[in-house]
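The values are calculated or read from the model by the stated rules, or taken from the named source; none is laboratory data. Everything quoted here is computed from the prediction, not taken from an experiment. Cβ: placed from backbone, ideal geometry, glycine included. Neighbour counts: every protein chain shown.
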Amino acid sequence: MDVPLLMGGIATWLIESGEAARFAEKQAEEMAARQAMAAQRLAGHHFQHHRAALHFWLQLPSQWRTHSFTQACLSQGVQIGQADDFAVGQTQAPHCVRLALGAPRSRTELATVLDTVASLLNEQPQGDIPGV
């Protein structure tokens, strides 16, 4: 059987049987739960999100530069995205980072990630030299 034909058959079955809708509903429920976890663990910090989104935008406190915060997270095993990576053209990127809530394999792993990020938010950056 030809692979594209097989994939088309599987996709058709998923849609017609209602399985695709059930998968989408379960994913939306999981993302809502993860968004709620993020809101709870990052309470007091400013962020933008949508209930069913796979990510959210976290505004950094003034003591952090996006690159420094991204590197600090990476040194703790947490990979996040800088707003600059998503800016188009000459648009000024907001002072934010992007966290993917769908990347951690479990809510337990997500809790560890969020706690690490929350802890770093309250620290002073290491090695940043104030502008002259």
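Of all the criteria given as (1) modelled with pLDDT under 95; (2) farther than 19 Å from E30 by Cβ, the one not satisfied by L58 is (1). Residue pairs whose Cβ atoms lie under 8 Å apart, sitting 6 or more positions apart in sequence or on different chains, and linking a residue in the stretch 89-117 that is in contact (Cβ under 8 Å) with a residue 12 or more places away in the chain to a partner that is of a type in the set (K, R), are L101/R34; G102/R34; R107/R34; L110/R34; A111/R41; L114/R41; D115/R41.
Taking only the stretch 84-110 into account, find how many residues are of a type in the set (A, V, I, L, M, F, W, C) and part of a helix (DSSP H, G or I). So that I can check it myself, show each step before the final result.
Looking only at the stretch 84-110, we keep the residues that are of a type in the set (A, V, I, L, M, F, W, C), and these are 86-88, 93, 96-97, 99-101, 103, 110.
Cutting the leftovers down to part of a helix (DSSP H, G or I) gives us 86, 110.
Count: 2.
Looking only at residues of the stretch 43-55 that are in contact with a helix residue (DSSP H, G or I) (Cβ under 7 Å, 6 or more places away or on another chain) and of a type outside the set (A, V, I, L, M, F, W, C), we find that the one that is farthest from E29 (Cα to Cα) is H45.
Across the stretch 67-83, which residue is modelled with the lowest pLDDT among those that are part of a helix (DSSP H, G or I) and under 15 Å from the mean Cα position of the chain (by Cα)? Only one residue tops the list, namely A83.
Results for (1) modelled with pLDDT under 95; (2) basic (K, R); (3) over 30 Å from S62 (Cα atoms), shown as yes or no for each residue.
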site: I10; (1), (2), (3): yes, no, yes
site: R22; (1), (2), (3): no, yes, yes
site: A36; (1), (2), (3): yes, no, no
site: A39; (1), (2), (3): yes, no, no
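Could you say whether any residue in the stretch 42-49 is within 23 Å of N122 (Cβ to Cβ), touching a Lys or Arg at 6+ places or on another chain (Cβ under 9 Å), modelled with pLDDT of 90 or more and not in a loop (DSSP other than H, G, I, E, B)? Looking for residues that are within 23 Å of N122 (Cβ to Cβ), touching a Lys or Arg at 6+ places or on another chain (Cβ under 9 Å), modelled with pLDDT of 90 or more and not in a loop (DSSP other than H, G, I, E, B), one finds none in the stretch 42-49, hence no. Take the conditions (1) farther than 23 Å from Q126 by Cβ; (2) surrounded by 13 or more Cβ atoms within 10 Å (Cβ to Cβ); L99 misses just one of them, which is (1). If only residues of the stretch 39-77 that are under 15 Å from P104 (Cα atoms) and of a type in the set (G, A, S) are counted, the one that is surrounded by the fewest Cβ atoms within 10 Å (Cβ to Cβ) is G77.
Please state which one of P104, P125 is over 15 Å from the mean Cα position of the chain (by Cα) and surrounded by 11 or more Cβ atoms within 10 Å (Cβ to Cβ).
Values: P104 fails: over 15 Å from the mean Cα position of the chain (by Cα).
That would be P125, the only listed residue that is over 15 Å from the mean Cα position of the chain (by Cα) and surrounded by 11 or more Cβ atoms within 10 Å (Cβ to Cβ).
Can you confirm whether the stretch 30-38 contains a residue that is acidic (D, E) and either in contact with a Cys (Cβ under 9 Å, 6 or more places away or on another chain) or exposed (fewer than 13 other Cβ atoms within 10 Å of the Cβ) (or both)? Looking for residues that are acidic (D, E) and either in contact with a Cys (Cβ under 9 Å, 6 or more places away or on another chain) or exposed (fewer than 13 other Cβ atoms within 10 Å of the Cβ) (or both), one finds none in the stretch 30-38, hence no.
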